[in-house]
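S.K.: The structure that follows is given in the form of structure tokens.
Every number here is computed from the coordinates shown, using simple stated rules; none is lab data. Keep in mind that what you see is a predicted model, and the values were worked out from it rather than measured. Here Cβ is always computed from backbone atoms with ideal geometry, including for glycine, and neighbour counts include all displayed protein chains.
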């Protein structure tokens with residue numbers, strides 16, 4: 001493979017790694033493998049540290065294709081805990097409030113999910129990389145500053161309830177670029193007149209690239225070592 005001319009690699013991002021962690025490690029390993037000091041490597045679509053799943057990495061001249069991947073439809077499997085919220089809308093922060101869930105039924109959940117299908121307006125999470133006046137939103141949040149984040153227009157193509165086991169539900173979401181599944185969890189909780197936050201998230205598809213086509217980082221290292229990649 002010619003990593004300088006450009007290759008496209010599909011990874012299953014490990015839990016607790018940032019997207020930058022994966023890019024940085026792959027860049028370092030490939031640079032040593034091919035004997036160059038610096039190799040251009042980028043990714044198409046950030047995943048939060050507590051999320052796993054499909055990440056597309058482009059090397060060399062193939063980094064020019066990153067934008068085309070970013071605009072492709074994405075699919076996620078998300079597990080939500082109802083009746084509780086966190087400042088980050090996931091497990092990065094501790095629960096800050098609890099709400100009743102006695103009124104929630106499977107029928108209500110299914111009906112509520114349908115409200116989110118189509119073109120919607122979504123306010124990104126406070127703990128996100130959205131830029132406000134030159135700074136990331138999470139930087140303001142960590143400093144304890146409140147800022148107004150403008151809503152973004154996005155498209156939810158499909159939402160399917162996969163599992164209902166209160167206080168937990170698992171959903172499958174097919175959506176456009178720019179969708180924050182953490183923010184979707186927040187909004188689902190509000191629509192159910194309760195709270196909600198993410199407890200697990202896996203990206204299962206970007207465009208035609210599905211999870212079964214992705215490498216584990218350890219397997220990638222092994223294949224490089226064996227010169228089979």
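S.K.: Over all directions, what mean area does the Cα convex hull of region 74-206 project, stated in square nanometres?
M.R.: Taking the Cα atoms of region 74-206, their convex hull projects to 7.8 nm² on average.
S.K.: Related question: Tell me the angle of helix 19-34 to the major Cα principal axis of the chain, expressed in degrees between 0 and 90 and rounded to the nearest ten.
M.R.: 10
S.K.: Could you compute the FRET efficiency for residue 121 and residue 67, with r as their C-beta to C-beta distance and R0 at 25 Å, rounded to 0.05?
M.R.: That pair, residue 121 with residue 67, gives E of 0.60.
S.K.: Sort 39-50, 58-69 for me by packing, meaning the mean count of neighbouring Cβ atoms within 10 Å per residue, highest on top.
M.R.: Order by mean packing, descending: 39-50, 58-69.
S.K.: Subtract the Cα-Cα distance of residue 150 and residue 25 from 0.36 nm times their separation in residues, and report this length gain in nm to one decimal.
M.R.: That pair, residue 150 and residue 25, stretches by 41.6 nm at full extension.
S.K.: Right, next: Extending each Cα 7 Å along its Cβ direction at residue 158 and residue 2, get the distance between those two points in nm, one decimal.
M.R.: For the pair residue 158/residue 2, the computed spacing is 3.8 nm.
S.K.: What percentages make up the Cα-Cα pair-distance distribution of the chain when the bins are 5 Å wide from 0?
M.R.: 1, 6, 13, 17, 18, 15, 12, 8, 5, 3, 1, 0, 0
S.K.: Also: Compute the convex hull volume of the Cα atoms of region 1-40, divide it by the residue count, and report the result per residue in Å³ as a whole number. Numbers along the way, then the final one.
M.R.: On the way: hull volume 2.9 nm³, N = 40.
Looking at region 1-40, the number lands at 73 Å³ per residue.
S.K.: With a 10 Å radius around each residue's Cβ, average the other Cβ atoms per peptide and rank 202-210, 104-112, 185-193, highest first.
M.R.: With the highest mean Cβ count within 10 Å placed first, the list reads 185-193, 202-210, 104-112.
S.K.: When the Cα atoms of region 110-159 are enclosed in a convex hull and the volume is divided per residue, what value in Å³ results?
M.R.: Spread over its residues, the Cα hull of region 110-159 gives 94 Å³ apiece.
S.K.: Still on this structure, I have one more. Can you pull the percent of Cα pairs in region 169-218 with separation above 15 Å?
M.R.: 55
S.K.: If every alpha-carbon in region 35-116 counts as one equal scatterer, what log10 I(q)/I(0) does Debye give at q = 0.15, 0.16, 0.19, 0.25 1/Å?
M.R.: So the normalised log intensities work out to -0.80, -0.85, -1.00, -1.22.
S.K.: Please give the calculated 222 nm ellipticity per residue for the chain, where each DSSP H segment of at least 4 residues contributes -39500 (n - 2.57) and the sum is spread over every residue; nearest 500 deg cm²/dmol?
M.R.: Taking each H run of at least 4 residues, the total per residue is -7000 deg cm²/dmol.
S.K.: How far, in degrees from 0 to 90, does helix 181-191 lean away from the longest principal axis of the Cα atoms of the chain, to the nearest 10?
M.R.: Tilt of helix 181-191: around 10 degrees.
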